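Take a look at the structure below.
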Amino acid sequence: MAHLIYTTNMSLDGYIEDMDGRFDWTDPSDEVFQFITNLIRADGTHLYGRRTYESMMVWETNPNLARQSPLLSDFAQVWQAADKIVYSRTLEAVSTRKTKIERNFDPEAIRRLKESVEQDIHIGGAELAAQAFQAGLIDECHLFIKPIIVGGGKAALPENVRLELELLEERRFENGEIFLRYRIRQG
């Protein structure tokens, strides 16, 4: 059975975007970028909300991006190899291969997906992940804590959800960023 893993970049004060909706402060160093690529390499499926998908689809729609370096090329290949499901009521069509649109988040469909695939499933986007947290579907959190305080914005983790976590892994990067890998303790 596959695990559903929430991966996000966040400020030290817990936000994925600042108050102006900007997230340019999340750009990873080469060291962090390589680590992220290796982290998601084994994931077979990525679940995205519309906004996250639209920011990620450049890894297939802009071939010049991958040509900039072997590091970017590797990530583009890993991203393109995964199946993608985009949850959106407004997106008319997708621009990438191996991608389908679902109009509504259905927790039971995610449970069936987890049971039917062997490779782990990555979920990106705080709003979509909040629905998965509330439905009890998240198995692990992979948090990249950026050395910045932004003072407000979009929260990385949902409100009104209480979960016990077990720290499985931690790593400090040269740029001061910290990676924390937690497993959700099943009550």
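The values are calculated or read from the model by the stated rules, or taken from the named source; none is laboratory data. Everything quoted here is computed from the prediction, not taken from an experiment. As a convention, Cβ positions derive from the backbone with ideal geometry for all residues, glycine included, and neighbour counts pool all protein chains shown.
Answer with yes or no whether residue 121 is modelled with pLDDT of 95 or more and under 25 Å from residue 60 (Cα atoms). For residue 121, the condition - modelled with pLDDT of 95 or more and under 25 Å from residue 60 (Cα atoms) - is met.
Of the set (1) closer than 26 Å to residue 138 by Cα; (2) at pLDDT 95 or above; (3) not in a helix (DSSP H, G or I), all apply to residue 36 but (3). Residue count for region 42-53, restricted to those that are loosely packed, with under 15 Cβ neighbours inside 10 Å and at pLDDT 95 or above: 0.
Number of residues in region 1-33 that are modelled with pLDDT under 95 and either of a type in the set (Gly, Ala, Ser) or touching a Leu at 6+ places or on another chain (Cβ under 7 Å) (or both): the value is 1. Residues that are loosely packed, with under 15 Cβ neighbours inside 10 Å and of a type in the set (Gly, Ala, Ser) were ranked within region 149-165; the one that is farthest from residue 127 (Cα to Cα) is 151.
Among the numbered conditions (1) among the basic types (Lys, Arg); (2) at pLDDT 95 or above; (3) surrounded by fewer than 19 Cβ atoms within 10 Å (Cβ to Cβ), the only one that residue 146 does not meet is (3). Taken across region 55-66, residues that are of a type in the set (Ser, Thr, Tyr), within 24 Å of residue 127 (Cα to Cα) and either touching a residue at least 40 places away in the same chain (Cβ under 8 Å) or buried (at least 18 other Cβ atoms within 10 Å of the Cβ) (or both) do not occur at all. Residues of region 1-29 that are farther than 18 Å from residue 46 by Cα, in contact with a strand residue (DSSP E or B) (Cβ under 7 Å, 6 or more places away or on another chain) and assigned to a loop (DSSP other than H, G, I, E, B): 12, 14, 23. Restricting attention to region 54-83, the residues that are in a helix (DSSP H, G or I), out of contact with any Leu (no Cβ under 7 Å at 6 or more places or on another chain), within 20 Å of residue 29 (Cα to Cα) and among the small types (Gly, Ala, Ser) total 2.
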